[in-house]
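FYI, it's all coordinate maths here, none of it is from the lab. These numbers come from a predicted model, not from an experiment. Cβ placement follows ideal geometry from the backbone for every residue including glycine, while neighbour counts extend to all protein chains displayed.
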Amino acid sequence: MAHIIVVGNEKGGSGKSTTSMHVATALVRMGHSVGCLDLDLRQKSLARYIENRRAFIAREGLDLPCPEFRDLPPVTEEGLRAGENPNDRRLSAAVVGMEEACEFILIDCPGSHTRLSQVAHSLADTLVTPLNDSFIDFDLLAHADPETNKILGPSIYSEMVWNARQLRAQAGLRAIDWVVVRNRLGAQAMHNKRKMGEALDNLGRRIGFRVVPGFSERVIFRELFPRGLTLLDLRDIGVKGQMNISNVAARQELRDIVKELRLPGVTVDF
C-alpha cells in the first residue's frame, strides 16, 4: 500500500502548498513515485502549482520530474450507499486509484475544517502540519494562558487529529506520525522564538507530535510558484552560478524537512 502523507492546518497562510509541492517534488527527484490530491476544492493552490509546472516544462522543453496529480473523481447519486457522503466516496476512489502506481500519496488539505479534510486525516500515515512561528498560529494546536503559557486545553484541530488516531487504532492501522513544521522562523534567537519553541516541545510531548524546523520567509518561494518550480529545479533551469546564499540555505531547509519526516524507504540524497 502507498504511504499517505497528509499536509493539514486549519489556518491559511502557513505554507501548506509550498511544503506539499517541495516534499512531493523532492521525493520524485529521488526516484519515488508520488501522487498528489488537493482537497481545497475552491482555491486549489497545489493543483495550480502542478499545472504551472506542467505548462513551464512544455513551454521550455525541459525534462523536470513532476508528481502525478489527479482531481477527485465525480460520483453519481446512484453509485452511493444509503447515507454515504459523496465526497467520502470521491476521496476513497482517488486514493484507491493511485495506490497501485504510487509509493507515496500526498494530500494537501484546505485551510479550514471540512468533511474531506477530516476524512483525509484519518488516512494519514504521516501528518505534516506547517505552522507559522507565532502564538497566533500556536492557538491552532492548543489554548494557552497568555501570561504563563500554561496549556489550558487542546484546540478543535488537535481534537480532530486525536479522533483520527482513534479511528485508525480501531481499524488496526499503524499510528499517525504527526510532524509539526515551524515555518517562517526568524533569523535571530528572539525571545518569542525561544518561548514558541518551548511551548511546542512541551505540547508535543503531551499530545504526541514531533517538531522540526521548516522554511524561513524568503522571496524565492513567491517567484517559484507562477512557474511551478521548486528549489531543487534552479540548477536545471540555468541558475547554477547564480545560486545565492539564501537559495542554498533554503535547499538545506528542504533537505532537513524531508529527512526529519522519516518516510519509509527514503534516503535523502540532494
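Figures for the structure shown
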item	result
Residue order, fewest to most surrounding Cβ atoms within 10 angstrom, among R54, R90, R205	R205, R54, R90
Label-point separation in nm, K195 to F270, each point 7 Å along Cα→Cβ	3.7
Sequence-separation-based contact order of the chain, relative, with Cα cut under 8 Å and 6+ spacing, percent	24
Estimated distance in nm for a label pair at L152 and E99, the labels positioned 7 Å out from Cα along Cα-to-Cβ	4.3
GluC sites (Glu not before Pro) within region 52-106: DSSP coil, no more than 16 neighbouring Cβ in 10 Å	E84, E100
Whole-angstrom Cα spans of the chain along principal axes, big to small	58, 51, 33
Residues M196, M21 arranged by fewest to most Cβ contacts within 10 Å	M196, M21
Burial ordering of T148, T19, fewest other beta-carbon atoms within 10 Å first	T148, T19
